Amino acid sequence: MRALATLNGRLVATLLIFATTALGGCDLEIPIGFNHAFDVPIALGDATGAAAGQTAPADVSYPVAMNAVTVDLVSSSTQLASNRDKVQSISLTGVTVTPRANTLTGATPPIDLYIGPAGATSPTQAVKIATLPAIPAGSTAVVTASIDATGQQNAQPWLTSLDFTVIPVATLTVKAGQTVPGGAADLHIVLGVEATVDALK
């Protein structure tokens, strides 16, 4: 009987040691999902200037200037705010765009979204994480961007800082004989975000 009790005691002790080691050696990862929205004004008329409405005599390209956007993910999720020191990774689950006040007389070019550190002003300081499709003239329909998985992985140091910069980049190309577009629109961009946090950290 005493031998059996000793054996049981050793078994219990071994199981406790195993359980403690297992819990201490692994993470308890919990996802936090939310949306973060911001607006990007785009003005083809500012890019094309006096040529807007004219017929292009030759192929021409116009860089489209858009402002960089400062993103603070914590402002969009109180749950993330209370777990900001436990964030392991950030994933973009989707990117949608809704054109508003669209007076564009031609489609926008595709717009690349770059993510860089807070204060970044150039795509050379960042990595491309998504591409917005062309927005048709006058359209207010929601469109979905394509996400660059490799870029998203490379942007993890900035994404997980929760405070970063989004830099939109686009170049309008007009072929000879086409009408040079003008007009403007406000692009309402919504990032679907999933933050993975380590609850045991």
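Any residue at all in segment 91-100 that is within 18 Å of Gly192 (Cβ to Cβ), out of contact with any Leu (no Cβ under 9 Å at 6 or more places or on another chain) and not β-branched (Val, Ile, Thr)? Break it down into steps so the answer makes sense when it comes.
So in segment 91-100, the residues within 18 Å of Gly192 (Cβ to Cβ) come out as 91-98.
Imposing the further condition that a residue be out of contact with any Leu (no Cβ under 9 Å at 6 or more places or on another chain) reduces the set to none.
Within segment 91-100, not a single residue is within 18 Å of Gly192 (Cβ to Cβ), out of contact with any Leu (no Cβ under 9 Å at 6 or more places or on another chain) and not β-branched (Val, Ile, Thr).
Among the residues of segment 112-161, write down those that are farther than 30 Å from Val197 by Cβ and touching a residue at least 12 places away in the same chain (Cβ under 8 Å).
Thr121, Ser122, Pro133, Ala134, Ile135, Pro136, Ala137, Gly138, Ser139, Thr140, Ala141, Val143, listed by residue number.
Kindly indicate whether Val143 is within 29 Å of Asp46 (Cα to Cα) and surrounded by 19 or more Cβ atoms within 10 Å (Cβ to Cβ). Walk me through how you get there before you give the answer.
Values: within 29 Å of Asp46 (Cα to Cα): yes; surrounded by 19 or more Cβ atoms within 10 Å (Cβ to Cβ): no.
No.
Can you name the residue in segment 112-151 that is of a type in the set (S, T, N, Q) and assigned to a strand (DSSP E or B) and is also nearest to Ser91 (Cα to Cα) among such residues? Please lay out each step first, then the result.
Looking only at segment 112-151, we keep the residues that are of a type in the set (S, T, N, Q), and these are 121-122, 124-125, 131, 139-140, 144, 146, 150.
Next cut, assigned to a strand (DSSP E or B) only: 131, 144, 146.
Working: Thr131: 16, Thr144: 16, Ser146: 14 Å.
In this case the residue turns out to be Ser146.
Every residue in segment 56-73 that is within 19 Å of Val190 (Cα to Cα) and buried (at least 16 other Cβ atoms within 10 Å of the Cβ), please.
Of all residues in segment 56-73, those within 19 Å of Val190 (Cα to Cα) come to 66-73.
Across segment 56-73, the qualifying residues are Met66, Ala68, Val71, Leu73.
Go through segment 85-106 and count every residue that is surrounded by fewer than 16 Cβ atoms within 10 Å (Cβ to Cβ) and among the hydrophobic types (A, V, I, L, M, F, W, C).
Looking only at that region, the number is 1.
Quick check: anything in segment 72-84 farther than 19 Å from Ala199 by Cα, in contact with a strand residue (DSSP E or B) (Cβ under 8 Å, 6 or more places away or on another chain) and part of a loop (DSSP other than H, G, I, E, B)?
No - not one qualifying residue is present in segment 72-84.
Given the criteria modelled with pLDDT of 95 or more and either out of contact with any Lys or Arg (no Cβ under 8 Å at 6 or more places or on another chain) or exposed (fewer than 11 other Cβ atoms within 10 Å of the Cβ) (or both), does Ser82 qualify?
Details: modelled with pLDDT of 95 or more: no; either out of contact with any Lys or Arg (no Cβ under 8 Å at 6 or more places or on another chain) or exposed (fewer than 11 other Cβ atoms within 10 Å of the Cβ) (or both): yes.
No.
So which of Pro109, Pro99 is assigned to a loop (DSSP other than H, G, I, E, B) and either in contact (Cβ under 8 Å) with a residue 40 or more places away in the chain or within 16 Å of the chain's Cα centre (by Cα) (or both)? First the steps, then the outcome.
On the way: Pro99 fails: assigned to a loop (DSSP other than H, G, I, E, B).
Only one candidate passes the filter, namely Pro109.
Could you list, in sequence order, the residues of segment 170-201 that are assigned to a loop (DSSP other than H, G, I, E, B) and surrounded by 16 or more Cβ atoms within 10 Å (Cβ to Cβ)?
Restricting attention to segment 170-201, the residues satisfying the condition of being assigned to a loop (DSSP other than H, G, I, E, B) are 175-178, 180-183, 199-201.
Those that are assigned to a loop (DSSP other than H, G, I, E, B) and surrounded by 16 or more Cβ atoms within 10 Å (Cβ to Cβ): Val180, Pro181, Gly182, Gly183.
The values are calculated or read from the model by the stated rules, or taken from the named source; none is laboratory data. Please read all numbers here as calculations on a predicted model, not as lab measurements. Methodologically, a virtual Cβ is constructed for each residue, glycine included, from the backbone with ideal geometry; neighbour enumeration extends over all protein chains shown.
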